[in-house]
Amino acid sequence: ILNVEQSPQSLHVQEGDSTNFTCSFPSSNFYALHWYRWETAKSPEALFVMTLNGDEKKKGRISATLNTKEGYSYLYIKGSQPEDSATYLCAWGSGNTGKLIFGQGTTLQVKP
Amino acid sequence: DTEVTQTPKHLVMGMTNKKSLKCEQHMGHRAMYWYKQKAKKPPELMFVYSYEKLSINESVPSRFSPECPNSSLLNLHLHALQPEDSALYLCASSQERALRVSPLHFGNGTRLTVT
């Protein structure tokens, strides 16, 4: 069974705190790693598509790193804001079939 | 605003009913997907269409029948569902099936309840 694990399951932080969470995935047959943000009552929104070992991507206050050899990716949020409150999902792909396996997500709540 | 439109937003159906979920995108994407998500679980892939042809069926029961009438539309026909099929059904699209460059673009989902 191929598992994608995310930790922690949930996180409560104060506005202004920086935070990070982890996505673990199988290190063999790596093809791509995606991060999505899913706000309540909205559709999941793509943050990053990562493909190369050592890759770092940034979008505003959010950044992500990738280690394909050991099978993990970190998502960082600098200076969290209440609007960052959402569930953050990672998804791992092992080929060009279009199949992604999603983790269970990390639910972030940022208190003002 | 999402560029992938799903209808209906909510659906309640009995186990003997036949209904359809619809999904539409006008971004010129050539791959379309159905995912199922149950509470507190990750989205699970059901079907992948690439250039209007079914390329992945993740061993989904035949009571779910996908259809891709053209490159912009994706349907999911439902018949004789079970209460355990109650879930959020998400449609997504991407430029191509190879997901190294393009991400998935999701709709808002259809919340299905089977009674």
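We did not get these values from a lab; they are worked out from the coordinates using the rules stated. Model, not experiment: these values are computed from the prediction. With ideal geometry, Cβ positions are generated from the backbone for all residues, glycine too; neighbour counts draw on all protein chains shown.
Miscellaneous remarks
- Subset of segment B:23-41 (residues that are touching a residue at least 60 places away in the same chain (Cβ under 8 Å), within 12 Å of chain A (Cβ to nearest Cβ) and in a loop (DSSP other than H, G, I, E, B)): B:29, B:30
- Residues that are without any contact (Cβ under 8 Å) to a residue 40 or more places away in the chain and touching a His at 6+ places or on another chain (Cβ under 8 Å) do occur in segment A:49-66, at least one of them.
- Only one entry in B:102, B:20, B:62 is in a loop (DSSP other than H, G, I, E, B), in contact with a strand residue (DSSP E or B) (Cβ under 7 Å, 6 or more places away or on another chain) and small (Gly, Ala, Ser), namely B:102.
- Selection over segment A:22-76 of residues that are within 14 Å of chain B (Cβ to nearest Cβ), under 16 Å from residue B:101 (Cα atoms) and acidic (Asp, Glu) gives a count of 2.
- From B:67, B:44, residue being surrounded by fewer than 20 Cβ atoms within 10 Å (Cβ to Cβ), of a type in the set (D, E, K, R) and in contact (Cβ under 8 Å) with a residue 12 or more places away in the chain: B:44
- Qualifying residue in segment A:26-40 (condition: in contact with a strand residue (DSSP E or B) (Cβ under 8 Å, 6 or more places away or on another chain), part of a strand (DSSP E or B) and over 22 Å from residue A:71 (Cα atoms)): yes
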